[in-house]
1. Among the candidates A241, A216, A276, single out the residue that is within 19 Å of the chain's Cα centre (by Cα) and of a type in the set (A, V, I, L, M).
2. In the range 112-147, how many residues are farther than 20 Å from S275 by Cβ and either outside any loop (DSSP other than H, G, I, E, B) or out of contact with any Ser or Thr (no Cβ under 9 Å at 6 or more places or on another chain) (or both)?
3. So, V94, is that one assigned by TED's automatic domain parsing to the domain that holds L289 and either in contact with a strand residue (DSSP E or B) (Cβ under 7 Å, 6 or more places away or on another chain) or under 30 Å from A8 (Cβ atoms) (or both) or not?
4. Could you tell me which residue of the range 144-186 is surrounded by the most Cβ atoms within 10 Å (Cβ to Cβ), considering only residues that are more than 20 Å from the chain's Cα centre (by Cα) and among the basic types (K, R)?
5. Identify all residues within the range 88-104 that are more than 23 Å from the chain's Cα centre (by Cα), in a loop (DSSP other than H, G, I, E, B) and without any contact (Cβ under 8 Å) to a residue 24 or more places away in the chain; write none if there are none.
6. Please go through the range 245-273 and pick out each residue that is under 13 Å from the mean Cα position of the chain (by Cα) and farther than 12 Å from E235 by Cβ.
7. Among the candidates T211, T227, single out the residue that is modelled with pLDDT of 95 or more, within 16 Å of G101 (Cα to Cα) and touching an Asp or Glu at 6+ places or on another chain (Cβ under 8 Å).
8. For the range 1-39, what are the residues that are among the charged types (D, E, K, R), in a loop (DSSP other than H, G, I, E, B) and under 25 Å from the mean Cα position of the chain (by Cα)?
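The values are calculated or read from the model by the stated rules, or taken from the named source; none is laboratory data. Source: prediction; values computed, not measured. For neighbour counting, all protein chains shown are included, and Cβ atoms are generated from backbone atoms with ideal geometry for every residue, glycine included.
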Amino acid sequence: MRGVFVDANEALAVIFERLTEPGDPAIRIDRDPDVTPDQLPRALDGAGIAIVDHTALPTAIARQCADLKHVVFLGTGARSYMNPEELAELGIAVHLIRGYGDTAVAESAIALMWAAARGIARMDREMRAGNWLREDGMQLTGKTLGLIGFGGIAAEVARIALGSGMKVIAWNRSPRTYPGVTFVDLDTVLAKSDVVSIHLLLNDETRRLITREMIAQMRQGVILINTARGAIVDEAAMIDALKSGQIRHAGLDVFNIEPLPADHPLPQLPNVTLSAHSAFRTPEASENLIAAAWAHCRRIVKG
């Protein structure tokens with residue numbers, strides 16, 4: 001069975017080539033990260049395996065890929081790009097890659113938290129514009145960090161935050177334990193946290209989980225961090241809370257629409273620090289990611 005890496009950027013393509021081993025299945029690399037869904041049937045050209053980084057695979061398009069049997073999605077958020085259940089009905093299995101970038105994403109969440117607490121991005125913008133902006137930041141030592149969801153990434157965030165002198169509480173949909181972390185209900189996380197950081201997969205249960213009413217339960221002046229998925233949060237409610245000061249600052253790596261449109265209201269707000277869905281992007285995480293993708297392909301071919 002042969003395959004196609006349909007949307008490789010150059011960095012991932014180089015790693016993919018380097019990690020090829022003798023006897024590996026034939027995987028063609030398409031070095032076009034901007035491929036569109038309607039181009040996928042031609043790009044796959046009868047291949048049984050599609051390696052997908054960020055290109056949407058609508059079910060209607062998948063029906064046109066008669067030989068496609070496996071999608072190796074580079075990450076955990078496949079639902080943002082395809083419907084795994086509908087693809088399964090077509091006989092197409094979707095394979096996810098977990099844990100490859102836990103430390104990378106956790107460090108990014110921590111970086112956004114510190115930048116938000118001290119207003120670093122805003123001061124940088126103002127100084128580049130010739131203004132000497134100085135304002136009080138939030139000292140995080142002794143403050144409470146609330147984690148919504150507690151998988152591998154949240155565990156790494158907890159490890160770093162505990163080491164920096166923060167208190168850490170967490171809510172998870174299934175029971176968890178972690179040294180130094182107090183697990184509580186979601187209402188307590190919302191009400192008691194100085195910083196709320198989201199670490200959930202996106203699915204039907206978590207889509208728009210953080211509603212306007214939940215945001216209203218948060219402490220006045222809370223910092224909100226999201227490196228998970230934009231659709232978990234009611235975006236309009238979050239924007240209103242940023243404008244009112246209910247949310248002191250938001251550090252966001254993920255959005256409902258990506259890339260973020262130029263006329264989107266979030267970049268117009270001074271109390272938001274934005275990054276371009278890049279929390280996972282480190283050489284170490286990319287190496288782990290592609291190694292895991294190859295492992296999937298080898299396992300698929302061996303049956």
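1. Just one listed residue meets the conditions, A276.
2. Residues flagged as farther than 20 Å from S275 by Cβ and either outside any loop (DSSP other than H, G, I, E, B) or out of contact with any Ser or Thr (no Cβ under 9 Å at 6 or more places or on another chain) (or both) within the range 112-147 amount to 12.
3. Spelling it out, V94 is indeed assigned by TED's automatic domain parsing to the domain that holds L289 and either in contact with a strand residue (DSSP E or B) (Cβ under 7 Å, 6 or more places away or on another chain) or under 30 Å from A8 (Cβ atoms) (or both).
4. If we take residues in the range 144-186 being more than 20 Å from the chain's Cα centre (by Cα) and among the basic types (K, R), then K167 is surrounded by the most Cβ atoms within 10 Å (Cβ to Cβ).
5. G91
6. Correct list: G251, D253, E258.
7. Just one listed residue meets the conditions, T227.
8. Hits for the range 1-39 are D7, D30, R31, D32, D34.
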